[in-house]
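Single-structure report; data block below.
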Amino acid sequence: MYLFMDETDEQSCGDHVNSDREISAFRTGILLAKSKAEAAMVLLRFDLSDDDFMSNFPGLAKKVQELPDDASVSD
């Protein structure tokens with residue numbers, strides 16, 4: 001199965017994220033995360049490892065790297 005997460009990415013994640021609805025929920029969760037900790041919780045919820053995330057969703061991974069470690073730091 002193939003995922004279309006980033007504008008230029010067409011990658012397979014096996015059985016981790018496997019439907020348009022899950023892809024949308026995953027992408028939304030990552031984009032709404034206010035910290036790396038929140039993004040990590042999204043990865044846990046979707047049972048996606050850091051390595052799989054970085055290799056299959058490099059655009060989203062870059063956005064997460066720009067987030068503060070903890071949301072309380074940015075408040």
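The values are calculated or read from the model by the stated rules, or taken from the named source; none is laboratory data. As the structure is a prediction and not an experimental result, all values here were calculated from the model. Cβ atoms come from the backbone with ideal geometry, glycine included; neighbour counts cover every protein chain shown. For the accessible areas, the whole protein counts, side chains as well, though only heavy atoms, and no ligand, DNA or RNA atoms are used. Shrake-Rupley method; radii C 1.70, N 1.55, O 1.52, S 1.80 Å.
Scan the stretch 52-71 residue by residue and report those that are open to solvent by 100 Å² or more (accessible area, probe 1.4 Å) and either at pLDDT 95 or above or in contact with a Phe, Trp or Tyr (Cβ under 6 Å, 6 or more places away or on another chain) (or both). Result: K62, K63, Q65, E66. Would you confirm whether any residue within the stretch 32-40 is among the hydroxyl-bearing types (S, T, Y), surrounded by fewer than 16 Cβ atoms within 10 Å (Cβ to Cβ) and modelled with pLDDT of 95 or more? Within the stretch 32-40 (the criterion being among the hydroxyl-bearing types (S, T, Y), surrounded by fewer than 16 Cβ atoms within 10 Å (Cβ to Cβ) and modelled with pLDDT of 95 or more), the answer is no, since none of the residues qualifies. Among the numbered conditions (1) in contact with a helix residue (DSSP H, G or I) (Cβ under 7 Å, 6 or more places away or on another chain); (2) modelled with pLDDT under 95; (3) open to solvent by 50 Å² or more (accessible area, probe 1.4 Å), the only one that S74 does not meet is (1).
State whether the residues of the stretch 2-18 include one that is at pLDDT 85 or above, among the acidic types (D, E) and either open to solvent by 50 Å² or more (accessible area, probe 1.4 Å) or not in a helix (DSSP H, G or I) (or both). No, that holds for no residue.
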